[in-house]
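See structure below.
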């Protein structure tokens, strides 16, 4: 089965890249797929240039999983995509997956600006993405800093910053940016 694929336009091979893969599982295969996802995490951890992963699990009865893998460059992402380890892992999930819905490659912060269900949408101009990110990130960052300050005042700077980022990044990715991109949708892509 061929997946609809979004490719990178004019993206330098050194830009960070996010791979987003959506799959619908066969009924009753969730536990087996979760085991394969654990294996995938171990495989990815050994890939040079791998920067992290996220898994969006199905809500209700959709059986739809979204796996997000971030790499430091297009070159690192391509090395993973062409690796025998990835091919072997894909073979282990063939009987578990009912349908592969999409496969996307998104440069830099573009992951925040493309809904997983709409991979054919064109990306907004980068300057608009930067402006919206700044408008959302600044109040979130300041708010979390103020919230954590009483608890972390005596901590070393690096540890305080890490604690802040552990709250800022997930809240931006899963809460604030999805809301902001929907609200600013007509401005981002007229």
Inset, instruction - Just rank 186, 128, fewest to most, by other beta-carbon atoms within 10 angstrom. - result: 186, 128
Inset, instruction - Starting with the fewest neighbours, write out 188, 43 ranked by other beta-carbon atoms found within 10 Å of each beta-carbon. - result: 43, 188
Inset, instruction - Treat the count of other C-beta atoms within 10 Å as a stand-in for reagent exposure and order 165, 177 from fewest to most. - result: 165, 177
Inset, instruction - Using only the alpha carbons of the stretch 126-188, determine the length spanned along each of the three principal axes and report them from longest to shortest in whole angstroms. - result: 44, 19, 15
Inset, instruction - Just order 67-76, 146-155 by mean Cβ neighbour count inside 10 Å, highest at the front, would you? - result: 67-76, 146-155
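Normalised by the residues of the stretch 126-188, what does the relative contact order come to in percent, with Cα pairs under 8 Å and at least six apart?
Details: 21 pairs, mean separation 30.5, N = 63.
Answer for the stretch 126-188 is 48 percent.
Since every read-out is calculated from the coordinates, none of them should be taken as a lab result. Keep in mind it's a predicted model, so treat the numbers as computed, not measured. Here Cβ is always computed from backbone atoms with ideal geometry, including for glycine, and neighbour counts include all displayed protein chains.
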